[in-house]
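The values are calculated or read from the model by the stated rules, or taken from the named source; none is laboratory data. A quick note: this is a predicted structure, and the numbers were derived from the prediction, not measured. A quick note on method: Cβ atoms are made from the backbone with ideal geometry, for glycine too, and the neighbour counts reach across all protein chains shown. Ligands, DNA and RNA are excluded from the accessible area calculation, which covers all protein heavy atoms including side chains. Shrake-Rupley method; radii C 1.70, N 1.55, O 1.52, S 1.80 Å.
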Amino acid sequence: DVLIVGGGINGAVSAAALAARGVNVAVVDRGDWASTTSQESSNLVWGGFKYLENYELKLVWDLCTSRNELLDAYPNRIVEIDFLATLDTTAPFPVGLAALGALGYWGIGRFATKAPRVYRPADIAKREPIVKTDTAKGGIRYADAYLPDNDARFVWDFVRSAIDHGATAANYCELVGAERRGKHWVVRLRDTSAVADGGAPGPIFEMTARTIVNAAGPYVDGLNERWELETDHRIVFSKGIHLVVPRLTDTPGGQDRVLAFFDDTGRLFYVIPMAHRSVIGTTDTRTTDPDEGVTAEDRRFLLEQINARLHLDQPLTEDDIIGERCGVRPLVVKNDGDDRRDTDWTSLSRKHEIEVDRGKAVVTLFGGKLTDCLNVGAEVVEAVEALGVTIGEETPGWYGEPSDDEHERFARRAKTAGLDRAPSIERDATMADVLWRRHGTAAFDVVDAIEADPLLGVEVLAESDLLRAELDVMAQREMIVRLDDLLRRRTKLALVTPASSLATDPGMTEVHQRLALSPASPVAP
């Protein structure tokens, strides 16, 4: 019935939502799942506080609604976290106005999070001694949510849900052509799984579909042009980068929080916890290249900004960078010929638009963000139904974590298996917590394997929270084709561990063997 092109958050949630309603659906991506924009976010599940500045109240309401629903559905994978925003001379508005905005944001979010507070500079220094307050006018504390694991892992959960509800899913499957014939699309696809490791592309094969969902993220316009579709919207690109560095904060009391600042241009950037590391970002710069990477200027700018705002024993340099993220966000604008040269770049929000071409039976997804994923899924179901595809009753439980009873049963078994210990790269979490967040009910399979062979309960890599038993489960369930799929997307190891350490780890041979990977599959920088 439906072919979805693109396996980022939009494509993944659309596949899961449709499959849960009995639709015959396939989803493909020319790379791995979430391998472009959806693996480069700030890992935040938030209601869009900054969008209040431009009075986008409906967008904030919708995002807060989705954030609250995700917090309820994923009590372990998505957790509430404090934001401490310091307003100094670079902040574009006074503390009083920021406090009023925080109060309004809390109300728009239906008071679902911790209440906001206003801080004097002395209060900030007491709660976060690392923050420089000599030019601070004050600050605010408010609450939102984030993913302790990575964004790409969250996307994979929706792909897995789609498969579990009958969908066909293929990563490393490139769309090379599509033609509308009568009431169907005839689509040509090619397996590219061997190309990245120096192999030849696979043969081209054909499939048919009544409708296509274009969820190609930054590449939606290119596909629509190939299919000669005229749309009311199009995409422009904003590049955002993050730098992963050693842990910068050790908050009194041990509670994780996000530090927020305004850079010298008046744009927000953050210090976000990620396991035993800190993530600095994001930037917001215009680009015309959806594949643009991190530049030397990008690194220099972020390092300068954070060094100016924190008390550090030594200023951060490029030598301190452990990992990098660079995402090109697809922002939605009207397709009216305006190239947005005179637009305030930071005023463009992460809203999404969905268009339906009834003549060619194509649904196009423009823009969007992780927080809004459930709304996107519901709207795609409506759009596909409008094209004549039969939609059945929704299967309960197609998203969200298993029940509390299942979690408690797992926790008891995990403790008996010795998994109530702390992993090497996590703070305030046990190995059992990590397994449950990562695998849900499939974590029982991990415990089964460890009970049969306790050696499988040992971390396979020195600087990791990845157990041998997990590799066997992931090999069966998670469509891992290349090493980077495991280290960058199914886990966050490539973000928090130096590439040199991963490449020389003796356990890497076992990783290749257990996942049946090509020995040539490298660790991506």
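With the full set of protein chains in place, find how many percent of the accessible area of the chain is carbon and sulfur; take the probe as 1.4 Å.
With neighbouring chains kept in place, the figure for the chain is 49 percent.
Only Lys, Arg, Asp and Glu count, each charged at its Cβ (+1, +1, -1, -1), so figure out the dipole size of region 52-203 about its Cα centre, rounded to 20 debye.
Approximately 280 debye in magnitude.
Mind listing the phi-derived Karplus ³J(HN,Hα) values for region 452-466, rounded to whole Hz, using 6.51, -1.76 and 1.60 with θ = phi - 60°, and x for any glycine or proline?
Once rounded to whole Hz, the list reads 6, 8, x, 5, 6, x, 9, 4, 7, 10, 4, 9, 7, 10, 9.
Count the net charge of all other residues whose Cβ sits under 14 Å from the Cβ of Trp398, scoring Lys and Arg as +1 and Asp and Glu as -1.
Cβ neighbours under 14 Å give a net charge of -4.
For region 74-170, what is the Kirkwood hydrodynamic radius in Å, using each pair of distinct C-alpha atoms?
Computed over region 74-170, the radius equals 15.9 Å.
Using P(r) over Cα pairs in 20 Å bins from 0, in percent as the read-out, say which of (1) 17, 36, 25, 14, 7, 1, 0; (2) 20, 52, 23, 4, 0; (3) 22, 57, 21, 0 was calculated from these coordinates.
(3)
All other residues with a Cβ under 13 Å from the Cβ of Asp505 taken together, and with Lys, Arg as +1 and Asp, Glu as -1, what is their net charge?
After counting each charged neighbour, the total is -3.
Compute the distance from the alpha-carbon center of region 174-195 to that of region 7-77, in whole Å.
Using only Cα atoms to place each centre, the spacing works out to 26 Å.
How would you classify region 157-276 from its alpha-carbon gyration tensor, with a ≥ b ≥ c the square roots of the eigenvalues: rounded for a/c under 1.5, else prolate if a/b is greater than b/c, otherwise oblate?
prolate
Counting only heavy atoms of protein chains, what accessible area per residue, in Å², does region 384-437 have with a probe of 1.4 Å?
On a per-residue basis, 54 Å².
What's the longest piece of the chain with no exposed GluC sites (Glu not before Pro), counting a site as exposed if DSSP puts it in a loop and it has at most 13 other beta carbons within 10 Å?
The answer is 1-227.
Which value, in debye to the nearest 20, describes the size of the charge dipole of the chain about its Cα centre when Lys and Arg Cβ atoms bear +1, Asp and Glu Cβ atoms bear -1, and nothing else is charged?
Approximately 600 debye in magnitude.
Rounded, prolate or oblate: pick one for region 377-525, where a ≥ b ≥ c are the square roots of the eigenvalues of its C-alpha gyration tensor, a/c under 1.5 means rounded, and failing that, prolate if a/b is larger than b/c, else oblate.
Here region 377-525 falls in the oblate category.
Would you mind counting up the charge near Lys132? Only other residues with Cβ under 12 Å from its Cβ, with Lys and Arg at +1 and Asp and Glu at -1.
-2
Amide H neighbours of Gly323 under 5 Å, at least 5 residues apart or on other chains, H built in the peptide plane: list them.
For Gly323, the qualifying residues are Val244.
Quote the charge dipole size of region 10-59 about the Cα centre in Debye, to the nearest 20; the model charges only the Cβ of Lys and Arg (+1) and of Asp and Glu (-1).
200 debye
Using the alpha-carbon centroid of each, what span in Å lies between region 302-336 and region 104-167?
Going from one Cα centre to the other spans 18 Å.
With a 1.4 Å probe and every protein chain left in place, work out the accessible area per residue of region 145-204 in Å², rounded to a whole number.
For region 145-204, the per-residue accessible area is 40 Å².
Out of Asn10, Val45, Val118, whose Cα points farthest toward the positive end of the dipole of region 1-159 (charges: +1 Lys, Arg; -1 Asp, Glu; placed on Cβ)?
My answer, from the dipole projection, is Val118.
Give a residue-ordered list of calculated ³J(HN,Hα) values for region 287-300 (Karplus: 6.51 cos²θ - 1.76 cosθ + 1.60, θ = phi - 60°; whole Hz; x for Gly, Pro).
8, 10, 10, x, 10, 5, x, 6, 9, 4, 5, 4, 4, 4
Would you mind checking which residues have amide H under 5 Å from His352's amide H? H placed 1.01 Å from N; only 5 or more apart, or other chain.
Hits under the 5 Å cutoff: Gly368.
Considering all alpha-carbon pairs of region 120-193, what whole percent are spaced by more than 19 angstrom?
That tail contains 69 percent of the Cα-Cα pairs.
Considering only protein heavy atoms, what per residue accessible area in square angstrom results for region 38-85 with a 1.4 angstrom probe?
I get 38 Å² per residue for this part.
Return the long-range amide H neighbours of Ser278 (sequence gap of 5 or more, or a different chain), with a cut-off of under 5 Å between placed amide H atoms.
Val245, Arg247, Leu248
Counting DSSP beta bridges in the chain, what percent are antiparallel, to the nearest 5?
80 percent
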